[in-house]
Amino acid sequence: MLHIALAAATAWSAPTTATLYVDAAHGDDSNDGSAAHPFQTAQHCQNQATPGTTCVLRAGTYRESISINKNSIAFRADGAAVLSGLDLLDLKWERDTRPCTWRAALNASVPQLFYDGNMMVEARWPNIYVNNVGDASMSPTAWRKVGDNTTYGTVHDPALRTNFSWDGALATLNVAHQWNTWTRVVSNHSRSAGTFDYPQDLPGLAGYDPNLYPAQAHIWDGCNQAKCNQYFLSGKLEALDAPGEWFHDGATLYFYPPTCTAPTAAVEVKARNYAVWVGTAKEDLSFEGLTFQGATLSLKNCTRCTLTNLTLDHPTYDREIKELNTPTGHVAATLVAGQHIALKNIVVTQSNNNGLLLNGYNVSLDNCVVSYTDWVGALQYKPLGVIGNQISVTRCTVRDFGNAGITTAIPNVAPAAPGKPQQPPEPMAGRRLEVAYTHIYNGARVGEDTAALYSGGWAAAGTVWHHNWVHDTTEKCIRFDDQSENATIHHNVIYNCGEPKFDASSGLNSGLGLVAKGDGHIIYANTIFAANFSEMCLSSCIEKEKKFRRQYPRICVISTADLRCDRGERRRARSSGAARSVREV
């Protein structure tokens, strides 16, 4: 009793040391934060901290979101400290009439469900295994190919002749264009015809040009033989028929446990997107040794910040692809932005959308692993996205991703004013973005027309990719896309790129080892082999104008003869004549 009274007497007093302790299981926020009397929550430690304070988180699970509004503080794990975005559910299960299925009353929302520490799967078709959801979600068997006579807005598939209606289900659609995937609500499911409709409002190239991707069966069938034009359905109780699946109707949770027995392990639901949130500019923050489970961190504007020995497991998830659905759509992202930031020994795994996003000036990332990200194969999502100047990414592994693996860009000038041409990029002096000694593989498992290591446009100027191993991706391995300028590529090992699915007579063939469009690149000492169709493809004339892409002033060569360019990759000039260099505006 004396101990309790003394602790209460010191509650809310100003910290007297530079180290405060937190213990989720045995602490109390009315304590003084000493080693003997720790706080219970990391947020309270932040609130009590002064510049120079280190909050030491002891082993345990911290189910909270830390909003940081102070400078010069650190968070360090002492043991297995887990910052969780999940809340435990206290459910009373009863047997359902469906085989192996149980149900419980639940009024809370269920964006993501975990059982015994593992992510389960919202009822879907085709079914997938839940032992590694990210891997299973990118498997070809996780997607249905559209059938004959499929057109923009209507999917035909004989397997849709079911004894129940898919109306109201969520359709995840990797259709109508290679590098994007959309989610739309199913309407007008015809069980007799084996079809369902979705709104014809997919943004981007899907509805841009009917001659580019026409709603004609033979064109769609040709795409169907590759990977695009595929889909899966989710969000219907009738689809609940496989181990690890669940369905929630707003009032009742239905669950098919992995072992087909009554649920006995912990059931958790995603309750928070962020375990750490830094919304305004902050300086001198440090995070060390922490594990994130079912939640992530966001440092929007941080100066002189360090992140070391962090593991992010299932950091972000969203069943809908919101960014491509509405202009204001947004999903949580693992974002580290600012200047003079150092990240080392970072693991990011099992995110159906983004992996790790870096943005800023003088940022370094060393020794990271990013795996099983972008399950839906949308270029919108980035397993490792790097935007900024004076940035270095070294000794990382990026593996098993749905579209591009690492994407990089160095910002240029401000966007052009309406009706005005885009201005040339900033001078090359002082521009550098390096990716080196990095291993990238098992990429483009869902999307097409992409690359494992990717950049494009004049934002590529100053990029240096060297001493990387890039291999075993179903698309290009290394690619600088349209209008790239002044990049350097050297001492990379590139192999097993692409699938043998291109028709050389179609005009759609591409280099699948190393592709560098544009001009001014320095490319040397690369080893490239076993790339389908071609090992290396370099531009040799003006690029084809693409009305769907912002056009910059281009340096080009115009001959007095007819000069033809096919996608900026294979060129032919007919007849002779003196060529002259001009700037096209």
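Amide H contacts of residue 531: 496, 497, each under 5 Å away and 5 or more positions distant or on a separate chain (H built 1.01 Å from N in the peptide plane; Pro and chain starts excluded).
Checking every one of the chymotrypsin sites (Phe, Trp or Tyr not before Pro) in segment 21-110 against DSSP loop status and a limit of 12 other Cβ atoms within 10 Å picks out no site at all. Counting Lys and Arg as +1 and Asp and Glu as -1 over every other residue whose Cβ lies under 15 Å from the Cβ of residue 395, the net charge comes to 0. A straight chain from residue 281 to residue 300 at 0.36 nm per residue would run longer than the Cα-Cα distance by 6.1 nm.
In terms of distances greater than 24 angstrom between alpha carbons, the cross-link table entries 344/476; 382/544; 270/382; 322/476; 322/544 yield 344/476; 382/544; 322/476; 322/544. Taking amide H positions as modeled 1.01 Å from N, with prolines and chain starts lacking one, the residues under 5 Å from residue 521 and 5 or more places away or on another chain are 486, 487. For segment 350-498, the gyration tensor built on C-alpha atoms gives a prolate shape. Its axis ratio a/c (a ≥ b ≥ c) is at least 1.5, and a/b is the larger of a/b and b/c.
Seen from residue 442, the other residues with C-beta closer than 9 Å to its C-beta sum to a net charge of 0, counting Lys and Arg as +1 and Asp and Glu as -1. By definition, a body whose alpha carbon gyration tensor gives a ≥ b ≥ c is prolate when a/c is 1.5 or more and a/b is larger than b/c, and segment 47-160 fits this prolate description. The label-point distance for residue 185 and residue 266, in a model that sets each label 7 Å from Cα toward Cβ, rounds to 3.6 nm. Here segment 88-269 yields Rg over Rh of 1.02, to two decimals, using C-alpha coordinates and the Kirkwood radius. Using the Cβ-Cβ distance between residue 30 and residue 362 with R0 = 51 Å, the FRET efficiency computed as 1/(1 + (r/R0)^6) comes to roughly 0.75. Taking a Cβ cut-off of under 14 Å around residue 197, the surrounding Lys, Arg, Asp and Glu residues balance to a net charge of -1, with basic ones at +1 and acidic ones at -1.
Computed from the coordinates by the stated procedures, all read-outs in this text should not be read as laboratory data. Computed from a predicted model, the values in this text were never measured in an experiment. Cβ coordinates were reconstructed from backbone atoms using ideal geometry, including for glycine residues, and neighbour counts include every protein chain displayed.
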